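Peer 1: My questions all concern the structure below.
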Amino acid sequence: MSMSTTTSTEETTQLVIASQKGDSTAFGVLYDQHVRKIYDFVYYKTMHRQTAEDLTSEIFMKALDKIQTYKPHKASFTTWLYQIARNTMIDFFRKNKHHSVNINDETIERTLTDHSDMHTATDAVLRLEQVRSHLNQLTPEQRDIIMMRVWQELSYQEIAAIMDKSEANCKMIFSRGIKELRRVMPLTLFLWFLITS
Amino acid sequence: MTLKQTDLTVLLEELYNIDPSLQEHEAKLKELLRELIANKPDTEFNEQFAAKLKVLLMERQAEQSKNSFFSSLFSTRSLPALLSGAVIMSLVLVPLLSTNTPKELRGSSDSIAALFAAPSITAVKKQAFGELNVPAGSSEAASSPQGMGGDRADQAAGFGGGGTAASSKMIVAPEVTYKYIYKGEEISGLTDTVSVYKRIKGTATQQELGQYLAGLGSDMIDLKKFGSTKLTNFQLADTDKKGYMIDVNMEESMISVNPNQWWWAEQNNCKNGICPELPRIQLSDMPSDEEVIAIATNFLRDYGVDTSNYGQAIVENDWKRWYEQMENKSEYYFPDALTVVFPFTVDGQTVYDPSGRPSGLRVNVNIRNNTAMGLWNLIPQRFEKSDYTGVTSADEILNVVQRGGLYGYMPYLRTEQTVKEVSVGTPSQVLLQYSDYDGMRTNELFIPALLFPIIDAPKDAPYLNTHVVVPLVKDILEKHKNIPDGPVYIMDDVKTDDTVTTEPAPLPEVRILPVQ
């Protein structure tokens, strides 16, 4: 067999074209390359595994249904996929206004299990909740950009394409979000140092 | 999560470039960013969820392209031109799964056809197939050079010294054993990373078909009571042409075609299960390789099997070696069927089995009527590809060569034992078809290996293989390195446990001697 493998990003466009022609294996490769990133993106915004899985499924179904509309010259496939993800999240939060980004019971249980000592385990859960609550005090844009930059390690260029903003604007939003966190966190950090010292 | 200093430095530099005044708060910013990074959530990513979603997406895509598939199928274009790979599948399954199929099966037909039609290689993460060094006792074995086998899991480590109680499965070492001596060029070109291919088998539509068939109902038994079921294989009979049986193994993603024994019995005038004795095949009746390959190739072409993805066809001609060994050649029974192998090729490399024979699509040809009797091992060539650590030591490789390959023998010396030398030449790089059992399931892997040709062997050893194969995946070589996978022999000075009965192994080449 003479088929060659396609894994590099510059060949993503070839995969998309093949997928637009109905090649299911090509879409499968695209899926493998992106499913983790998209799932993590959704999880960071919902902090709930089941919800993240449901929404990830919805996002990829939409991507498959819309694959014929994707134009390589307009944006990278990754960016296009993230845009679908972000729009899906906006719709989700619009319909579920009561949904808050809090740690759930499963996360608590897992965090407690990860630590052998109950004292440090409880402390870890508290810190986790603190970080979550601080992020909740940011604007959605600030929160999104901080999570994409710090947790998903996306570049500002990628973030700008996803958010449909300029790079400079995204950097400014990131900076303001960090300043806001710095403003609300010092007292908490001080307390944390007291508890752990 | 471990915070890399570079991550923190990069983030801080970015912030200072955006707003230089933030430098005044560097200490607090460092703590803040450390806290953010350290509390990056574990997203609980579930591989099973991802795999299931992928299957749903593939089936959805197949459903979306169904209309164009069926319209092109029933156009004036010929079927072989439309589909590559196993068009046999389309001949038998597409009429069955037409647009009149119940709704719950509408996605299945294209999924099945797509499964058997499209060769592919999908790259996955490094070491995606898990550890490949599960203990040798749990692996499937290939046939050994002398046809010896044995239950490897039962074999005790009785080599290297005495004092070990002998297992009832141990056998006495043969009088003659072989030592493989390398006579080729320096082994080079070894790399520390190699690509391992895993064949993709099975399909989610097995579940759909299983549920549908179980739901059809029966007055004799309620199949739905068995809960979730899946279709693992089915058989079709062609009764009006050449009398073939088509077996479709969905679990293994394999098609085989065999003669319908009843139809062929009728053709050969068999009555009440008794067939007239057929005249013995003579040497002059044996066709040339070219003739046999032509029969096999025409058979495949007639049924729309595309051989362009296979290597050069070869005929398995072991009979010639055995015939040459016969002292009284007039007593030799020539085979009335020969097998043609169309070797698999993956990423341009030919595939071999552990005994050094090409592995691939097999077609049986009946010598008496010059007809192909069937085929076996027709598989969709769909693989995942993952990088593993390669073997870089030529010495390690030659150690395995010396004993005749992965499943060779350690030449335990007995006072009566004769060691004969076999010369092997410069190897070529190939792929080895290897079964890796991880304790729950068998993965069919295709791993890089070196194929050493035997260039000189004792004339009285027709049962030796023609090649020695040594894998180039470090995990697999490690697994087989110290434990020979052939039988373990009783040493002359090993005391046996009185409670254990040593039974002779039923092997014609070995003469059983009493244990001292």
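The values are calculated or read from the model by the stated rules, or taken from the named source; none is laboratory data. Not measured: the values here are computed from a predicted model. Positions of Cβ are backbone-derived with ideal geometry, glycine not excepted, and every protein chain shown enters the neighbour counts.
Peer 1: Show me the helices (runs of 4 or more DSSP H) found entirely inside region A:99-197 where at least 1 residues are surrounded by 15 or more Cβ atoms within 10 Å (Cβ to Cβ), more than 10 Å from every other protein chain (Cβ to nearest Cβ) and at pLDDT 65 or above.
Peer 2: A:118-136, A:140-146, A:156-163, A:167-184
Peer 1: Another question, if that's okay. Out of the residues in region B:8-51 that are in a helix (DSSP H, G or I) and among the β-branched types (Val, Ile, Thr), state the one that is nearest to the other protein chains (Cβ to nearest Cβ). Reasoning before the result, please.
Peer 2: Here is the first cut: in region B:8-51, the ones in a helix (DSSP H, G or I) are B:8-18, B:20-38, B:47-51.
With among the β-branched types (Val, Ile, Thr) added as a condition, the list becomes B:9-10, B:18, B:37.
Values: B:9: 14, B:10: 10, B:18: 4, B:37: 6 Å.
Top of the filtered list is B:18.
Peer 1: I'd like the full set of residues that are among the β-branched types (Val, Ile, Thr) and within 19 Å of residue B:304 (Cα to Cα), limited to region B:363-391. Show your work before the answer.
Peer 2: If we filter region B:363-391 for residues that are among the β-branched types (Val, Ile, Thr), which is where we start, we get B:363, B:365, B:367, B:371, B:379, B:389, B:391.
Hits for region B:363-391 are B:363, B:365, B:371, B:379.
Peer 1: Could I ask something else about it? The conditions are (1) touching a Phe, Trp or Tyr at 6+ places or on another chain (Cβ under 7 Å); (2) farther than 22 Å from residue B:259 by Cβ, and residue B:319 fails exactly one of them. Which is it?
Peer 2: The failed condition is (2).
Peer 1: Checking the conditions here, which among B:271, B:320, B:329 is in contact with a Leu (Cβ under 9 Å, 6 or more places away or on another chain), basic (Lys, Arg) and assigned by TED's automatic domain parsing to the domain that holds residue B:368?
Peer 2: Details: B:271 fails: in contact with a Leu (Cβ under 9 Å, 6 or more places away or on another chain); B:320 fails: in contact with a Leu (Cβ under 9 Å, 6 or more places away or on another chain).
Just a single option satisfies the conditions, and that option is B:329.
Peer 1: Right, here's the next one. Among (1) more than 10 Å from chain B (Cβ to nearest Cβ); (2) under 30 Å from residue A:133 (Cα atoms); (3) at pLDDT below 85, there is one condition residue A:12 misses while meeting the rest; what is its number?
Peer 2: With (1) more than 10 Å from chain B (Cβ to nearest Cβ); (2) under 30 Å from residue A:133 (Cα atoms); (3) at pLDDT below 85 applied to residue A:12, the lone miss is (2).
Peer 1: Please enumerate the residues belonging to region B:368-405 that are out of contact with any strand residue (DSSP E or B) (no Cβ under 9 Å at 6 or more places or on another chain) and assigned to a loop (DSSP other than H, G, I, E, B).
Peer 2: B:369, B:370, B:392, B:393
Peer 1: Within region A:48-65, can one find any residue that is within 10 Å of another protein chain (Cβ to nearest Cβ) and touching a strand residue (DSSP E or B) at 6+ places or on another chain (Cβ under 8 Å)?
Peer 2: Looking through region A:48-65, none of the residues is within 10 Å of another protein chain (Cβ to nearest Cβ) and touching a strand residue (DSSP E or B) at 6+ places or on another chain (Cβ under 8 Å).
Peer 1: How many residues does region B:322-361 contain that are assigned to a loop (DSSP other than H, G, I, E, B), exposed (fewer than 13 other Cβ atoms within 10 Å of the Cβ) and without any contact (Cβ under 8 Å) to a residue 40 or more places away in the chain? Show your work before the answer.
Peer 2: Going residue by residue through region B:322-361, those that are assigned to a loop (DSSP other than H, G, I, E, B) are B:326-328, B:332-336, B:347-348, B:353-357, B:359.
In the following step, the residues that additionally are exposed (fewer than 13 other Cβ atoms within 10 Å of the Cβ) were identified as B:326-328, B:333, B:348.
If we keep only those that are without any contact (Cβ under 8 Å) to a residue 40 or more places away in the chain as well, we get B:326-328, B:348.
The total comes to 4.
Peer 1: Filter region B:24-45 down to the residues that are free of Cβ contacts under 8 Å to residues at least 24 places away in the same chain and farther than 13 Å from residue A:182 by Cα and list them by number. First the steps, then the outcome.
Peer 2: Filtering region B:24-45 for residues free of Cβ contacts under 8 Å to residues at least 24 places away in the same chain gives B:24-32, B:35-36, B:39, B:41-45.
Those that are free of Cβ contacts under 8 Å to residues at least 24 places away in the same chain and farther than 13 Å from residue A:182 by Cα: B:39, B:41, B:42, B:43, B:44, B:45.
Peer 1: Related question: Tell me whether region A:77-92 contains one or more residues that are within 11 Å of another protein chain (Cβ to nearest Cβ), small (Gly, Ala, Ser) and in a helix (DSSP H, G or I).
Peer 2: No - not one qualifying residue is present in region A:77-92.
Peer 1: Anything in region B:321-352 that is among the charged types (D, E, K, R) and on the phi > 0 side of the Ramachandran plot? List them, or say none. Full working, then the answer.
Peer 2: At the first step, the residues of region B:321-352 found to be among the charged types (D, E, K, R) are B:321, B:324, B:327, B:329, B:331, B:336, B:347.
Of everything in region B:321-352, just one residue is among the charged types (D, E, K, R) and on the phi > 0 side of the Ramachandran plot, namely B:347.
Peer 1: Which one is surrounded by the fewest Cβ atoms within 10 Å (Cβ to Cβ), of the residues in region A:22-46 that are more than 20 Å from residue B:125 (Cβ to Cβ) and more than 7 Å from every other protein chain (Cβ to nearest Cβ)?
Peer 2: A:23
Peer 1: Here is a further query. Any residue at all in region B:159-175 that is part of a loop (DSSP other than H, G, I, E, B) and modelled with pLDDT of 75 or more?
Peer 2: No.
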